[in-house]
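Asker: A single structure is presented below for examination.
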Amino acid sequence: MSEYLLEAQDIVKTFPGVRALNGVNLRIRKGETHALVGENGAGKSTLMLTLGGVYKPDSGQILLNGSPVTFSSSHDAVSQGISVVYQELSMIPALSVAENIFANRQPVGALGMIKRREMMKKASELLALFDLEDIDPATPVGNLSLATQQVIEILKAISTNPAVLILDEPTSSLTEHEASRLFENIARLNARGISCIYISHHLSEIFKVAQSVTILRDGTYVCDARVSDIDEEFLISNMVGRTLVDIYGRRPDPATFGAVRLDVQNLSRAGEFSQVHFQLKAGEIVGFSGLVGAGRTEVALALFGATQRDSGKVFLDGKEIRPKSPRDAILSGLGYLTEDRKQHGLYLDFDIRQNLVSNQLHRFTIGALMNDRAIDQAAATAIADYRIATKSAKRNVRMLSGGNQQKVLLGAWIGIEPKVLIVDEPTRGVDIGARSEIYGFLRQLAAKGTAIMVISSDLTEILGISDRIVVMKGGRIAGEVEGATATEESVISLATATKPTGGNH
Ligand SMILES: Nc1ncnc2c1ncn2[C@@H]1O[C@H](COP(=O)(O)OP(=O)(O)OP(=O)(O)O)[C@@H](O)[C@H]1O
Ligand SMILES: [Mg+2]
């Protein structure tokens, strides 16, 4: 018997023009959680899709319990004990929670009838693992929040009783509570002898869930290590190939900020937020913190004209604005990078260059014609500036790794140099090296006079990047703290404080 439950040896996988994996190794012991880390485009998801039977490797082999195996399909991999929660959600919105969990494997009785009651009961038991017993397993998945859908995706994988459970960035859209339930559940699975492979760009998580780790860089295997022998700096320097100091850069002197650019007065929208008021100055980066459901994204959508406010006023450079649509908002000088890049942000079936110029077409037209030369040049600059991992600007955005898609989206918004830019979860799924670059680009944009509003659930990011932090709670402004002196405690206590608000939230 091999010491390892699952082994990948010297795996090579190429796509047209890209060598995604170039001789990669991975070894996992029974009952342990093994982390897989690497920058965007390093090959993590490709390796998981190979272990999950979706891709056939060009060469190399996979060993299960010491014996070589091949998978003819993802179904085949599941039946041999490997279950994957992919980076992209795969739920069918119109089907119920239970139907999604047991898709194609519903419990069947003697006469070939699906045992509906048993399926519902099993689904409820699975939901209870995440304190979600309140959810009726008959609810269509499309009615549930993104975070809950992500949990159901995980439950679906667990329900197949795998020997190895693979989780590709499972926490990217989870709330903090669900993430900590996930860590408990992973530990429980490990105790039952089930192994996990865990991918995340939140390096601190690696130290909470994993016992061992493999580092990939640019499709190649760098090393593996016991987590107890290493620290975050070791991970970063091996992932990035250099050390990163102070990824947030330096805060400018508040005296250098200009006039108020965005002045929000008593903004309300029934059921979402009320009496919201704040100001953003030219050059300033203001972080918006709060628990999930505090109303930050809802405020952003109203400012951007995607929804309409019930009352209140908004002034941009002293002039009142009331955008009827996002197009209106863009024309008056606002930009908004959405938290859900798949739904609202990117044109997945268009290439990188088209996406990069999509918000600023007027700059790239000569009369009625597109100025292709100028677009090519702008795209080449953006690809270099943001280090978007691609051989060509003419690749469909769908083919890029998750973090690289995020960079394209950010490049598209920063490119229009808006007067006010709202960024919602700007670095979700983005690796640490690229994150430090993105913070640099936001700082540069601010230095040119843009006022920036950063909404983020990552408190470390909020504390690192913000000149000032506005905390929201239950649809209202709970308070403000200075970025330079803010602490995790000061922000959390505002976000969770129970003081009577007198409102109907
Ligand atoms: N179906 C595909 N066709 C062409 N190229 C692909 C395909 N899937 C992945 N690639 C390329 O292979 C490389 C590795 O991508 P992969 O998705 O495995 O990276 P990753 O490590 O998961 O990154 P991230 O952290 O951003 O999710 C990238 O250059 C990517 O553009
Ligand atoms: Mg990936």
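The values are calculated or read from the model by the stated rules, or taken from the named source; none is laboratory data. Small disclaimer: the values here were computed from a predicted structure and weren't measured. Note: ideal-geometry Cβ built from the backbone for every residue, glycine included; neighbour counts use all protein chains shown.
Asker: Among the candidates Leu155, Leu127, Leu165, Leu144, single out the residue that is under 28 Å from Glu461 (Cα atoms) and modelled with pLDDT of 85 or more.
Answerer: Exactly one of Leu155, Leu127, Leu165, Leu144 is under 28 Å from Glu461 (Cα atoms) and modelled with pLDDT of 85 or more, namely Leu144.
Asker: Let me ask something else about it. Being crowded, with 24+ Cβ neighbours inside 10 Å and on the phi > 0 side of the Ramachandran plot is the filter here, so list the residues in the stretch 44-63 that pass it.
Answerer: Within the stretch 44-63, none qualify.
Asker: Now, a different point. Within the stretch 329-344, can one find any residue that is within 19 Å of Ile414 (Cβ to Cβ), polar (S, T, N, Q) and in contact with a helix residue (DSSP H, G or I) (Cβ under 8 Å, 6 or more places away or on another chain)?
Answerer: yes
Asker: Scan Gly23, Gly41, Gly66 and give me the residue that is on the phi > 0 side of the Ramachandran plot, in the same structural domain as Ile199 (by TED's automatic domain parsing) and surrounded by 22 or more Cβ atoms within 10 Å (Cβ to Cβ).
Answerer: Only one candidate qualifies: Gly41.
Asker: Scan (1) in contact with a strand residue (DSSP E or B) (Cβ under 7 Å, 6 or more places away or on another chain); (2) surrounded by fewer than 14 Cβ atoms within 10 Å (Cβ to Cβ); (3) of a type in the set (Asp, Glu) for the single condition Glu284 breaks and write down its number.
Answerer: Tallying (1) in contact with a strand residue (DSSP E or B) (Cβ under 7 Å, 6 or more places away or on another chain); (2) surrounded by fewer than 14 Cβ atoms within 10 Å (Cβ to Cβ); (3) of a type in the set (Asp, Glu), Glu284 fails exactly one: (2).
Asker: Tally time: how many residues in the stretch 204-219 are more than 15 Å from His34 (Cβ to Cβ) and either within 16 Å of ligand 2 (Cβ to nearest atom) or at pLDDT 95 or above (or both)?
Answerer: 3
Asker: Only one of (1) acidic (Asp, Glu); (2) surrounded by fewer than 22 Cβ atoms within 10 Å (Cβ to Cβ); (3) in contact with a Phe, Trp or Tyr (Cβ under 6 Å, 6 or more places away or on another chain) is not met by Asp168, so which one is it?
Answerer: Against the list (1) acidic (Asp, Glu); (2) surrounded by fewer than 22 Cβ atoms within 10 Å (Cβ to Cβ); (3) in contact with a Phe, Trp or Tyr (Cβ under 6 Å, 6 or more places away or on another chain), Asp168 comes up short only on (2).
Asker: Does Val245 meet the test of being surrounded by fewer than 22 Cβ atoms within 10 Å (Cβ to Cβ) and at pLDDT 95 or above?
Answerer: no
Asker: Working only within the stretch 248-283, note down all residues that are modelled with pLDDT under 90 and of a type in the set (Gly, Ala, Ser).
Answerer: Residue satisfying the conditions is Gly249 alone.
Asker: Another question, then. Tell me the strands (runs of 3 or more DSSP E) entirely within the stretch 14-70 that contain at least 1 residues that are within 8 Å of ligand 1 (Cβ to nearest atom).
Answerer: The qualifying strands (runs of 3 or more DSSP E) are 18-28.
Here is a yes/no grid of residues against (1) within 24 Å of Ser172 (Cβ to Cβ); (2) surrounded by fewer than 20 Cβ atoms within 10 Å (Cβ to Cβ):
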position	(1), (2)
Arg387	yes, yes
Leu400	yes, no
Leu409	yes, no
Arg443	no, yes
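Asker: Follow-up. Kindly check whether there is at least one residue in the stretch 301-324 that is modelled with pLDDT under 95 and either in a helix (DSSP H, G or I) or under 26 Å from Ala434 (Cα atoms) (or both).
Answerer: yes
Asker: I'm trying to understand the selection: among the residues of the stretch 430-441, which are over 16 Å from Val245 (Cβ atoms) and either away from ligand 1 (no atom under 16 Å from the Cβ) or surrounded by fewer than 20 Cβ atoms within 10 Å (Cβ to Cβ) (or both)?
Answerer: Matches in the stretch 430-441: Phe441 only.
Asker: Does the stretch 332-343 contain any residue that is part of a helix (DSSP H, G or I) and modelled with pLDDT of 70 or more?
Answerer: So far as the stretch 332-343 goes, yes, one or more of its residues are part of a helix (DSSP H, G or I) and modelled with pLDDT of 70 or more.
Asker: Out of all the residues in the stretch 173-193, is one or more under 20 Å from Ala8 (Cα atoms), surrounded by fewer than 18 Cβ atoms within 10 Å (Cβ to Cβ) and out of contact with any Pro (no Cβ under 7 Å at 6 or more places or on another chain)?
Answerer: Yes: one or more hits.
Asker: Kindly evaluate Ile414 against the criterion of being β-branched (Val, Ile, Thr) and at pLDDT 85 or above.
Answerer: no
Asker: May I ask you to list the residues in the stretch 221-234 that are in contact with a strand residue (DSSP E or B) (Cβ under 8 Å, 6 or more places away or on another chain) and at pLDDT 95 or above?
Answerer: Tyr221, Val222, Cys223, Asp224, Ala225, Arg226, Val227, Ile230
Asker: Within the bounds of the stretch 383-393, is there any residue that is among the hydroxyl-bearing types (Ser, Thr, Tyr), more than 17 Å from Ile432 (Cα to Cα), away from ligand 2 (no atom under 16 Å from the Cβ) and outside any helix (DSSP H, G or I)?
Answerer: Yes - at least one qualifying residue is present in the stretch 383-393.
Asker: Next up: Criterion first (at pLDDT 95 or above, touching a helix residue (DSSP H, G or I) at 6+ places or on another chain (Cβ under 9 Å) and among the acidic types (Asp, Glu)) does Glu32 satisfy it?
Answerer: Yes: the conditions hold for Glu32.
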